[in-house]
Structures are given as C-alpha cells and as structure tokens.
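Colleague: First, the structure itself, so that you have it in front of you.
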Amino acid sequence: MCRFLSLSIFALALTFSVQAAEPFKASDIRIDGLKRVSSGSIFDVLTIQPGDLVTNADISMATRALFGTGFFDQVEVSAEGTVLVIQVTERPAVSRIEIEGNKAIKTEDLLASLRGAGIVEGEVLKRATLDQLEQAIQRQYTSRGRYDASASSEIIEQDRNRVGLKITIFEGSVATVSRIAIIGNNAFGDDTLLDEMSVTEAGLFTWFSGSNNYEAEKLRADVEAIRSFYLDRGYVNVEVSEPQVELSENLEDVFITITVSEGKEFQVGAVNVGGEIPIDLSQAIGEMTLQTGELFSRRLVNDAVETMTNELGNAGYARAQVRAVPEINNKTQTVDVTLVVTPGPSVYVRRIEFRGNTDTSDVVLRREIPQLEASVSSTAAIEKGKINLQRLGFFSLVRVSTRPVLDQPDLVDVIYDVTEQASGSLSASLGFSQGEGLLLGASVSQKNFLGTGNALSFNLQSSDSTKEAKFSFTDPYYTIDGVSRGIDLYYAKTDFDDKGTADYSTDETGLGLTFGYPISEDSRISSSFAVQNTTLEAKVSGSRATYIDSFFVSEGLSSSETSADFVEYKVGMAYRFDTLNKAFLPTDGTRYRVGFDLSIPGSDLEYYTASYLGETYVPVVAKQDVSLKFKTRLNYGDGFGDSDGLPFLRNFLAGGIRTVRGYSYNSLGPVDSNGERVGGNVLVTGTAALQFPMPGVKETDQARLSLFTDTGQVYDNTVEIDDLRYSVGAALAWMTPIGPLSFTYSSALNSQAGDKTEGFQFSIGSTF
C-alpha cells in the first residue's frame, strides 16, 4: 500500500526557523498554504497572539499544537521582521472510498470497520490510520473464517488537495469446520452438546446450509450456549474454556477443541424474598417453578424474576425491579436464592392516547383496552390491550409505550401507535376440491364498516354439488360490556347425487341471530336462534332408497312423494375456548368448541345435535416451530317428539381431507339396503400429527409439513371401536394468495369391503 503514497505528500517534517534569535514582539501573524482548513481552526489552537512577546519556546509549542490537529503534513514557522509567518502543507482529504470484490461482507459493514480505523469520506487521510486499513479489513474476513482473504489499496490523487481511495478485496474461500472435539463432558454426551451449537462439523447436507462454515463470532456464542445448557441443568460451577482453534496449512480446514469442567449438580435450596415488599406476593411465589428441592436452573431463576416483576407491575408498580441473589453452598450442593424487591413508586395512568387511527374511531380502540385511565397501571392490562388491537385485523402494526408525566413520577401516559391497513376486500376465488369439484367464489367484506368496528360481508360460492349465498353482519360490541350480535341470511342448494352419496337434493333458506357473551380473555359463550326452510327433492332412478320412503312416511307423507318442505326453528348454545398462539398454522395452545343445537318442538323436524371439536398443539422444538398436533371431533344427534331418530338429512358422514384422510370424501358411515351411504347419528374422528416448517420457506407461519395418523368412523347409535378406520400419511398446508392450500398423501391401514380409498387428496381455496 505504501508504494502508492507520494513521499512529498505524506512526509512528516517538523521544520521551523526564526530570523531573530532574540525574543521579539509579533506585530502580526500570517498563515500561508491554507486550502480547506479555515484560519479560525488554526487560531483556536495557536498559543501566540499579535502583540505577544515571542520566544523560540513559544514557537515550538505552537508548532506542536498545529501538528496535533492532524490537519497538516508540514508546518514551518519563520519571522519576517516583526511578522510571524506560518507556512503549512495540508493533508489531503478522502473524497471517495470505493470497495470492489466483496460479496461475503456488505460494503456498509466494511465501511463501518474503516470508520473504526479512522478512515472516513470527508476526513483527512492520515498515514498512521492508512496503515491499519488492510488489517481492519482482513480482521473482518478472518472472523468470518476467510483466512486467505487479502486487500490492496490505491491512492488516486484529485484536485483541491483531495484523494480517492480504491480498495480491492480478494475474499478467498471459507474455512470449514472438519472436527469439533469436546473434552471433559461426562454428564452429557458429545451429540447432546453439539446440538446446542450453531457451528457444526462437516456433514452430508452442510454444504447446502453452510452450518459448518467457521465464524469466530458464532463460535463464541456457541460456547455461551453450552455454558447456559449446563447452568439450566444445575451445574452452577461449570467452566467452558476458550475454544482452541487450529487451522490447516492450506487455510481451508478448522479443528476446534472445547474443554468443559462440569463440576457437580446443584439443587435449589432456600427461596427467600427480601427488600421492600409493597403487596402480598404469596400467589406469585406459589406460581414460581423455582422451588426448594428442584434441580437448580438459571432459567428457573429468570422465570421467577419475571413472574414477580409482572405481579408487581400488575399491581401498579410499573418501575419495580426484582434482583436474584444466588448463594452457592458447595458442601450441600445447593443454591439459596433471594429475590430482592425494589418496588419504586406506585404508578397510575393519567391518559390513554391513540395515534395513527385516521379511519377508525377512538371508541372502537378504547373498548379493546382493559387498562383504565386514572387507575393503577397494570403491565398485563396494557399489553393485553395491544394484543386485542392486533386481533381486530384493522392494523398492520400496533406499538405501545408508556411516557412519564413531567414532574409527576407517579403518573404515566399510555400511547398506542397503530398503522391502519385495508380492512375491506372485494375478491374472487377459484379452487378445486376432490369432494366438491370446481370451486368458484366471490365476496365483498368490510371488517371495519365506516370505522365503527362492525363487520359486514356478502359471499357467493359455487361448486359442482353446492350453490350458496350468505349475508352477515356482526356488531362485536352490541353492548358496552362486550356482548356481540350477529345476523345471518343464507341460501344453499346441495345436490347429494353430485357428491356421490345419495339420490336427493336440498334447498335451504334461513335467517339466524347469534349473541356472544365474553366469560374471560380466552373464552366466550354464544346463543343462537334460526329459522330455516328446507325443500327436499328425492330423485327416482330405478329403485329409490328405502330410507327416503321411510322418512316420508314418518313425516306423515306418502312413500311415493318426491318432494317435501320442512320448517325448523332452531336454538343453540356453544362454549368456545381459544389460547392458540396463531390463527393459521399454530404451534402452541388449545382451542375447543362445545355446542348444542335443538330444533324446538313445533318444528316440522324435531331433533338435537351435540358437538365437540378440540385441537391441542404441544411445542417439541420451539425455536424451530416443531410441534405435535392432536385433534378430536365428536358429533351426536337424535330425534324427539314425532321424529324417530335423527333425520337422514342431518346425518353425519366421514372421509376426506378434513376428517379421515386416505378415504374418499363422505365414504365412511352406515349404508342402506341399496348400498348408498346414508350416514349415521354418531361421528368420531381423531388426528395426531408432527408438524414442522417446510425447508426453504423463510416465513414459517405460511407453510407447514406434517406426518399424521387419522382415525374415525360414523355409527348408527352404537359405537364399535373395532370398526374404526385408520390411515397414515404426510401433508402440506400452505397459505397462498388465493387462500389455504392442502396436499396430502396417505394410506388407508384397515380398509374394508365397500370402502373407497384415495392416496392423494388436495384442496385449493376454501370449501363451504
């Protein structure tokens, strides 16, 4: 690099001469050679002023001060009579820095490292810092495992005492980790500890993922990960040494050795609470997993601190601090933990503000906030308000912050910043389902009608077997305490012959009214009332199914009838509980619905149905979004009054992508004397699945693979476990711009004579 530097530009010469050997009184000071540097910058550091008596010592001090600014390569001081003359040669300024040849490291990251070395556009170029340029860049690449990387620089002189700096980089190749040796581990095997590391040994697929590329920063983090692993399992005296890194002669292979001194396993001793305790913390203490006799874990300590801090925050001590003080007893191999509480002042909320809601009224937002103004601040209530606003679907982003009130330490303002998004949609859809055939749809919806928070929608759906139109309106806050009201108008025409299940069709028209009552943050009760008219058209093709004839007779009609109208007045109750962490492809939590519907006495069809649908997700590897899914569906129905059993129109069927995969759509259930699937009044299905993200998809909440087993059957009154059908397979669920997409490939394990099986099943778009 130095070969590009001109000695005339960067020579550090300190020369000065004084005409008069004797001190003299400076009548004036003249500065020559300035181009970019202002004269004011010189006079700011110059210790000599006009009228001063100037000695050789004064001149030496002034010269050193001027060199100390870093602006000059040369400074020469002389006297012309009584005028002090300062001749300077400015250092060039860096007008532009060009970097080429870099791919592995971004240009802005390299420029940041140069700034750390003092090389910045617009600043003077100093030889001392310039010598560090190549070293700074090389350190960047060495930390990324590129030991053969190099950099060369070129100085390009420009006008007005400026220079351009061109840096050419040869990145070389990445050194890969060939071996990781862990020494001293007895309690846990090498594989267990290696699983905690992000840097891995070379393997079959590491060339694709790059996980075996050496990076010093990742290795340092891995050492801390191993240490944390031991600390979370009771090894409080564990020591993990600085890794020994050996490099092969060709600079391509790295050999890592990590030494572990495990120490002994410790348990939790006494758990005490100290400091100033303003409230009763017994409940929080009881909820803590940090208990005497448990295996000591740093994670347990952190959880205990968080639990107690939240409890204090919920009681109004928003600035409370809880500090864990461990005391290690090597003799008893226990750790006593004291949680020291510093509550700070009790904090009240003065005002709650909303920002960014230009279309949505404040009233709609305020009713979602459990935190009240002029009441004690609760961190849980404030955060719950944020979650509630996110669930509305009106905003793409919700932020919440607290702002102290000036000169009032016991007051805060809570500010919710929202970014509105389009809450209405006009859409058309096209899809296909093996059960429904071609799916066509159009919808108009507005979740936030006129900024009131009310939802309005109109939907049209059409398939080979079904035509449907539906209008709905929902007011989520029909009353101030959160009672919701929904109104539905619907029409549906279904041809079961086209579904391949039976030779009849139905026309249904209905009006429904639903009220929802909140019980807690996670649960609601709903009640509904509906009036529905159903027209049954029985087809005659050869020998008509006997169950249709029997149904007509049971309803007081002739067995030769081909059509009939039925009016139903239906009431329903349902309980819903939901703690899922996501609406689509959840990985944690539980959701279930228990419902009961009754066609009240006086209806043409008198029957009732009870249903249960539950899902539970259990994280297996939380960081990787790997989870277990368990799903159960139970349905039961029966008639009463003049109805002899559940009307066949309301029978249940199973089979297909949404119930028991591997079996054809609606192909499971009792059959009549003609072999037609008539269904039954009892439905039982279950699913167990292992879910994991699809490789290559960054947004893990948009696509998911699963390995599953399904079971299920439909019965007529009597459940026979031996008659359950089973299947196993793999599935892909993907949220696409046109809606959810599902692909499954499964195998029926115990199909019987008459069962219809399908290996490959799929659905694009939504069915109804």
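Computed from the coordinates by the stated procedures, all read-outs in this text should not be read as laboratory data. Note that the structure is predicted; figures quoted are calculated from it, not measured. Glycine also receives a Cβ, built like all others from the backbone with ideal geometry; neighbour counts cover every protein chain displayed.
Colleague: Given a Förster radius of 56 Å and the C-beta distance between Ser361 and Ser554 as r, what FRET efficiency does 1/(1 + (r/R0)^6) yield to the nearest 0.05?
Modeller: 0.55
Colleague: Let me check against my output: what whole-number percent is the relative contact order of the range 93-170, with C-alpha pairs under 8 Å and at least 6 apart?
Modeller: Across the range 93-170, relative contact order equals 42 percent.
Colleague: Quick one: putting +1 on the C-beta of Lys and Arg, -1 on the C-beta of Asp and Glu, what dipole do you get for the chain around its Cα centre, in Debye to the nearest 20?
Modeller: 1440 debye
Colleague: Still on this structure: Using Cα-Cα distances under 8 Å and only pairs 6 or more residues apart, what relative contact order does the chain have, in percent?
Modeller: Relative contact order, the chain: 5 percent.
Colleague: So how do Asp44, Asp503 line up by other beta-carbon neighbours within 10 Å, fewest first?
Modeller: Fewest-to-most ranking of Asp44, Asp503: Asp44, Asp503.
Colleague: Taking R0 as 30 Å, what's the FRET efficiency between Glu242 and Glu287 from their Cβ-Cβ distance, rounded to 0.05?
Modeller: 0.15
Colleague: Per-residue HN-Hα couplings for the range 602-614, Karplus 6.51 cos²θ - 1.76 cosθ + 1.60 at θ = phi - 60°, whole Hz, x for Gly and Pro?
Modeller: In residue order, the calculated couplings are x, 6, 5, 10, 10, 7, 9, 9, 10, 9, 9, 9, x Hz.
Colleague: Taking 31 Å as the cut-off for C-alpha to C-alpha distance, list the pairs among Lys467/Lys756; Lys570/Lys631; Lys384/Lys631; Lys264/Lys629; Lys570/Lys629 that go past it.
Modeller: From Lys467/Lys756; Lys570/Lys631; Lys384/Lys631; Lys264/Lys629; Lys570/Lys629, over 31 Å: Lys264/Lys629; Lys570/Lys629.
Colleague: Also, I was wondering about something else. Please list, short to long, the whole-number percent of alpha-carbon pairs of the range 93-170 in consecutive 10 angstrom bins beginning at zero.
Modeller: It works out to 19, 57, 22, 3, 0, in whole percents.
Colleague: To continue, here is another question. May I have the pair-distance distribution P(r) for the chain, computed from all Cα-Cα distances with 10 Å bins from 0 and rounded to whole percent?
Modeller: 2, 9, 13, 15, 15, 15, 12, 8, 5, 3, 2, 1, 0, 0
Colleague: Say each of Trp734 and Lys331 gets a label point 7 Å from the Cα, pointing the same way as Cα to Cβ; how far apart are those two points in nm?
Modeller: Result: 6.6 nm between the two label points.
Colleague: Any chance you could tell me what percent of the C-alpha pair distances in the range 17-147 go past 24 Å?
Modeller: Of all Cα-Cα distances in the range 17-147, 46 percent exceed 24 Å.
Colleague: Something else: Sorted by average packing, counted as other Cβ atoms within 10 angstrom per residue and highest first, what order do 332-338, 678-684 take?
Modeller: Output ranking for 332-338, 678-684: 678-684, 332-338.
Colleague: If you don't mind, there's one more thing I want to ask. Which whole number in µm²/s is D for the range 176-261 by Stokes-Einstein, with the Kirkwood Rh taken over Cα pairs at 25 °C and 0.890 mPa s?
Modeller: The estimated diffusion coefficient comes to 185 µm²/s.
Colleague: Which of the peptides 569-579, 715-725 is most tightly packed, and how do the rest follow, judged by the mean count of other Cβ atoms within 10 Å per residue?
Modeller: 569-579, 715-725
Colleague: Still on this structure, I have one more. Return the loop-located trypsin sites (Lys or Arg not before Pro) in the range 643-702 (DSSP other than H, G, I, E, B) with at most 15 other Cβ atoms within 10 Å of their own Cβ; answer none if there are none.
Modeller: Here the trypsin sites (Lys or Arg not before Pro) that fit, given the DSSP loop and packing criteria, are Lys698.
Colleague: Additional query: Can you give the extra length, in nm with one decimal, that the chain gains between Thr757 and Ser261 once fully stretched, where that is 0.36 nm per residue apart less the Cα-Cα distance?
Modeller: 172.7 nm
Colleague: Relative to the longest principal axis of the chain, what angle (0 to 90°, nearest 10) does the C-alpha long axis of helix 107-116 take?
Modeller: 40 degrees
Colleague: Give, in nm to one decimal, the length gained when the segment between Val671 and Thr546 is fully stretched (0.36 nm per residue of separation minus the Cα-Cα distance).
Modeller: Full extension of this stretch gives 43.9 nm more.
Colleague: Further question on the same structure: Using Cβ contacts closer than 10 Å as the measure, can you line up Val268, Val398, Val83 from fewest to most?
Modeller: Val83, Val398, Val268
Colleague: Contour minus end-to-end for Leu489 and Gln321, with contour as 0.36 nm per residue of separation and end-to-end as the Cα-Cα distance?
Modeller: 55.0 nm
Colleague: Would you mind checking the tilt of helix 379-392 against the longest principal axis of the Cα atoms of the chain, expressed as 0 to 90 degrees and rounded to 10?
Modeller: 60 degrees
Colleague: Once all Cα-Cα distances of the range 569-690 are split into 5 Å bins that start at 0, what whole-number percent is in each one?
Modeller: 2, 10, 16, 17, 16, 15, 11, 7, 4, 2, 1, 0
Colleague: In percent, how large is the relative contact order of the range 294-413, given Cα pairs closer than 8 Å and 6 or more residues apart?
Modeller: It rounds to 24 percent for the range 294-413.
Colleague: Would you calculate the convex hull of the Cα atoms in the range 287-401 and tell me its volume per residue in Å³?
Modeller: About 118 Å³ per residue, rounded to a whole number.
Colleague: Now, a different point. So for the range 425-764, Kirkwood radius off the Cα pairs, Stokes-Einstein at 4 °C and 1.567 mPa s: how many µm² s⁻¹?
Modeller: The estimated diffusion coefficient comes to 59 µm²/s.
Colleague: So, in nm, how far is label Ser178 from label Ser150 when the simple model puts each one 7 Å beyond its Cα toward the Cβ?
Modeller: Output for this residue pair reads 2.3 nm.
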